[in-house]
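Only one structure is covered here, and it is reproduced in the block below.
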Amino acid sequence: MLVLFVGFTFLFSCSSQRRSVQSKPMSLKDSLNMVSDSITVEGITIHNLFKSQILADREVGKFDSTMILQNVYLPHKQLWDSCYGIIFGSDNASKFNNSTGMIKWNKTLYPENKSLFDAKAKALLAMNLDSILKVNLTKFNKMAGYKPTAIISILFTPVQGIGFGGCNAEQFALELNYENNDLDYTINKGIPHELNHLAYEPNRMKDPKHETALAQTIDEGFACYFTWAFFDGTISKYEAVENMSEAEWQWYISHEEEIFQKVKVYFDETADNPLLNNNKFKLFPDAPKTLFYWIGFRIIEAYVKNHGKDSWIEIYKLTSDEIYRGSGYADQLSQ
């Protein structure tokens with residue numbers, strides 16, 4: 001279990017005098033040794049790969065390559081081979097899709113980033129992730145009526161880009177060293193978001209247009225909307241959408257009609273396009289965060305406005321076209 005043990009106070013007597021002695025706090029190495037290599041909560045399996053990535057290099061001058069092979073590469077070989085080994089291009093494939101490559105970068109990655117990695121590991125241990133996951137899964141199953149299955153590895157990687165996500169339900173990763181990663185937000189708000197992706201994915205893939213920009217926009221917007229609903233409105237809508245600030249949200253509101261008019265022409269596109277990749281195409285160079293997450297949220301919000309506050313549950317079984325038409329989003333903007 002991901003639990004940080006901080007030591008205990010023992011009382012004992014010596015002759016006729018009673019006194020208390022506090023044990024020293026556990027070192028990170030000792031704490032990590034008490035962490036399970038993996039845990040399973042209902043249908044979700046979590047591999048704590050970061051544990052062995054640190055422990056393999058805890059002794060000065062010694063590196064345990066066997067630990068990397070057996071506890072980091074092989075437990076989630078499919079993630080390394082079929083996800084990391086593909087999405088970061090052929091130049092990086094050899095880092096991930098074989099044992100030699102995995103051992104090579106693990107040998108240097110932790111020593112070069114020791115302070116950062118130790119801090120990330122300590123923060124994660126203090127969160128008691130398995131407890132958070134159990135609470136979130138129980139509530140998710142009750143709300144959505146779905147029990148998603150997934151394999152998630154918590155890890156450090158020399159090439160970041162996934163953050164918290166993956167190539168499919170069996171190839172999920174939480175990158176502890178993802179740049180600008182707010183670990184508290186990722187764990188506490190990101191888990192409901194990703195659970196919704198996992199629950200929605202099977203029916204989404206049945207949609208003949210599941211590869212379109214509209215389908216991907218709705219997928220992310222639905223995950224953001226579910227996160228807001230999951231917390232019963234106790235978090236703001238802008239926080240549910242990529243942890244936006246209120247000012248960032250208001251920028252979108254003030255440009256909403258213009259955004260819609262310019263991006264709707266890309267709804268049926270399946271290739272790289274300005275809706276899905278505004279950072280590249282600069283359709284709205286001043287837009288904060290991720291444009292299609294926000295407009296997806298607004299489409300889902302419009303659907304719920306049209307069909308009732310609990311109607312979001314219907315979205316799991318609808319196609320992207322049905323959701324968009326049912327939202328009346330275009331009509332709401334013209335009013």
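The values are calculated or read from the model by the stated rules, or taken from the named source; none is laboratory data. Just so we're clear, the structure is a prediction, and the values are computed from it rather than from any experiment. Using ideal geometry, Cβ is built from the backbone for each residue, glycine included, and neighbour counts are taken over all protein chains shown.
Data table
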| read-out | value |
| --- | --- |
| Positions within region 166-199 being of a type in the set (D, E, K, R) and either more than 19 Å from residue 294 (Cβ to Cβ) or in the same structural domain as residue 237 (by TED's automatic domain parsing) (or both), in sequence order | 170, 175, 179, 184 |
| Residue that is of a type outside the set (Ser, Thr, Tyr) and at pLDDT below 95, where the choices are 43, 85 | 43 |
| Residue count for region 61-80, restricted to those that are surrounded by fewer than 17 Cβ atoms within 10 Å (Cβ to Cβ) and part of a helix (DSSP H, G or I) | 6 |
| Restricting region 136-159 to residues that are of a type in the set (A, V, I, L, M) and at pLDDT 90 or above, the residue that is surrounded by the fewest Cβ atoms within 10 Å (Cβ to Cβ) | 159 |
| Selection status of residue 177, at pLDDT 95 or above and more than 28 Å from residue 310 (Cα to Cα) | yes |
| Of all residues in region 315-335 being polar (S, T, N, Q) and surrounded by fewer than 17 Cβ atoms within 10 Å (Cβ to Cβ), the one that is nearest to residue 215 (Cα to Cα) | 332 |
| Selection within region 303-335 - in contact (Cβ under 8 Å) with a residue 40 or more places away in the chain and of a type in the set (D, E, K, R) | 317, 321 |
| Leading residue by the ranking (surrounded by the most Cβ atoms within 10 Å (Cβ to Cβ)) among those in region 177-235 that are of a type in the set (Lys, Arg) and over 30 Å from residue 115 (Cα atoms) | 204 |
